[in-house]
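**Student:** Supplied in structure tokens, the structure appears directly below.
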Amino acid sequence: MQTQTTSHPRGRAPLFIRSAALATAAVLLGACGEAGAGAPPHPTGSPSVPSCVTASGDLLADIDGDGLTDRVSDPSHTGDQLTVAFGEKAGYGTPVGVRKLVGSSGSDEKDVLATVADFDGDGWSDLVVVATGQNQGDDAIEPTVDELISGPFSASGRGQHIRQLDLGETRGIAVADYDHDPYPDLAVFSYAGDGVYQTEARLGDKDTGLADGTADTSRHRVYADQTDDQTPSNMPKSGLRTFYPQCPKAGNQG
Ligand SMILES: [Ca+2]
Ligand SMILES: [Ca+2]
């Protein structure tokens, strides 16, 4: 108790130093968030090929900015079966799965999830990747990776800018439309602790891609559902159809 009292005046200096260090770390993090090695070059304009959604719900778009149409599929509607098949001169290459897109730091986690949509509405489809370890019981754990990577992005998930999302113990993600604006939203199925799972929204945003989910921006957080069911069985299924035109039926890409 005595040491607490005497250390109080000195406590401010370490606090200040810590704040300064945090600010420096934030600046460094921002710098690291820019396009790194392996990312497609920063685009000078809009994609040269149109983006659209097929009858089966796949996204056809130029994901990596090379001028060739790529194909994104997620039959699971929860992010864990997402693949991207990159266009080649003839057809598509071997589809790339979520464990490749998430990068080495998250690829071995229990749940690796990804979804693709143009969250900031700049014409280039963006990537959300989340990797979360085993559930630890009553308390929710932090994901190893939860990032929004702005497009165009590569087969190894390298893009133009990285934004940390702070999603919590995430077990499912999907594109959804909560607020009926032109920006796709992200439905996040996560463990809230004490046996409760929740589906909540992170709203698409032209400045940040996906708005913060913190309390002071609570209008960006929509509680859609709470359950004790630990499987993401009640995720929105509308997906990309709200935000991309339907692909023409003719041709070989449907
Ligand atoms: Ca491409
Ligand atoms: Ca975008």
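**Student:** Tell me the residue from ALA192, ALA187 that is over 26 Å from ARG71 (Cβ atoms) and in contact with a strand residue (DSSP E or B) (Cβ under 6 Å, 6 or more places away or on another chain), please. Steps first, answer last, please.
**Tutor:** Working: ALA187 fails: over 26 Å from ARG71 (Cβ atoms).
Residue meeting the stated conditions: ALA192.
**Student:** Right, next: Output the residue which, of all residues in the range 52-91 that are of a type in the set (Ser, Thr, Tyr) and more than 19 Å from the chain's Cα centre (by Cα), is nearest to LYS237 (Cα to Cα). If you could, list the steps in order and put the result at the bottom.
**Tutor:** Applying the first criterion (of a type in the set (Ser, Thr, Tyr)) to the range 52-91 yields 54, 56, 69, 73, 76, 78, 83.
Right, trim to more than 19 Å from the chain's Cα centre (by Cα) and you get 54, 56, 69.
Values: THR54: 15, SER56: 12, THR69: 24 Å.
Filtering the range 52-91 for residues that are of a type in the set (Ser, Thr, Tyr) and more than 19 Å from the chain's Cα centre (by Cα), the one nearest to LYS237 (Cα to Cα) comes out as SER56.
Every residue, every condition in (1) under 27 Å from GLY57 (Cα atoms); (2) surrounded by 22 or more Cβ atoms within 10 Å (Cβ to Cβ), yes or no:
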site: LYS110; (1), (2): yes, no
site: GLY121; (1), (2): yes, no
site: GLU142; (1), (2): no, no
site: VAL175; (1), (2): yes, yes
site: PHE189; (1), (2): yes, yes
site: THR208; (1), (2): yes, no
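**Student:** Turning to a different aspect of this structure: Restricting to the range 125-154, give me the number of residues that are near ligand 2 (Cβ under 10 Å from one of its atoms) and more than 12 Å from the chain's Cα centre (by Cα).
**Tutor:** Summing the residues that are near ligand 2 (Cβ under 10 Å from one of its atoms) and more than 12 Å from the chain's Cα centre (by Cα) in the range 125-154 gives 2.
**Student:** Within the range 24-114, which strands (runs of 3 or more DSSP E) (wholly inside it) include 2 or more residues that are modelled with pLDDT of 95 or more and within 16 Å of ligand 2 (Cβ to nearest atom)?
**Tutor:** Values: elements: 59-61, 70-73, 83-85.
Qualifying strands (runs of 3 or more DSSP E): 59-61, 70-73.
**Student:** Residue check, PRO182 against (1) modelled with pLDDT of 85 or more; (2) crowded, with 16+ Cβ neighbours inside 10 Å, all met but one. Which one?
**Tutor:** (2)
**Student:** Please verify whether the range 147-154 includes one or more residues that are of a type in the set (Phe, Trp, Tyr), within 16 Å of ligand 1 (Cβ to nearest atom) and surrounded by 18 or more Cβ atoms within 10 Å (Cβ to Cβ). Don't jump to the end; show me each part of the working.
**Tutor:** Start the filter on the range 147-154 by keeping residues that are of a type in the set (Phe, Trp, Tyr), which leaves 153.
Those left that are additionally within 16 Å of ligand 1 (Cβ to nearest atom): 153.
Then keep just the ones that are surrounded by 18 or more Cβ atoms within 10 Å (Cβ to Cβ); that gives 153.
Taking every residue of the range 147-154 in turn, at least one turns out to be of a type in the set (Phe, Trp, Tyr), within 16 Å of ligand 1 (Cβ to nearest atom) and surrounded by 18 or more Cβ atoms within 10 Å (Cβ to Cβ).
**Student:** Then there is this: Can you tell me which of (1) within 15 Å of ligand 2 (Cβ to nearest atom); (2) not in a loop (DSSP other than H, G, I, E, B) is the one ASP122 doesn't meet?
**Tutor:** Checking ASP122 against (1) within 15 Å of ligand 2 (Cβ to nearest atom); (2) not in a loop (DSSP other than H, G, I, E, B), the one that fails is (2).
**Student:** Let me ask you something else. Assess whether GLY157 counts as being in a loop (DSSP other than H, G, I, E, B) and within 12 Å of the chain's Cα centre (by Cα).
**Tutor:** yes
**Student:** Okay, next question. What pairs come up if the first residue lies in the range 141-155 and is within 30 Å of SER46 (Cβ to Cβ), the second is surrounded by fewer than 23 Cβ atoms within 10 Å (Cβ to Cβ) and among the basic types (Lys, Arg), and their beta carbons are under 9 Å apart, counting only those six or more places apart or on different chains?
**Tutor:** GLU147/ARG163; LEU148/ARG163; ILE149/ARG158; ILE149/ARG163; SER150/ARG163; ALA155/LYS100
The values are calculated or read from the model by the stated rules, or taken from the named source; none is laboratory data. What you see is a predicted model, and the numbers here were worked out from it, not measured in a lab. Note that each Cβ is placed from the backbone with ideal geometry, even for glycine, and that neighbours are counted across all protein chains shown.
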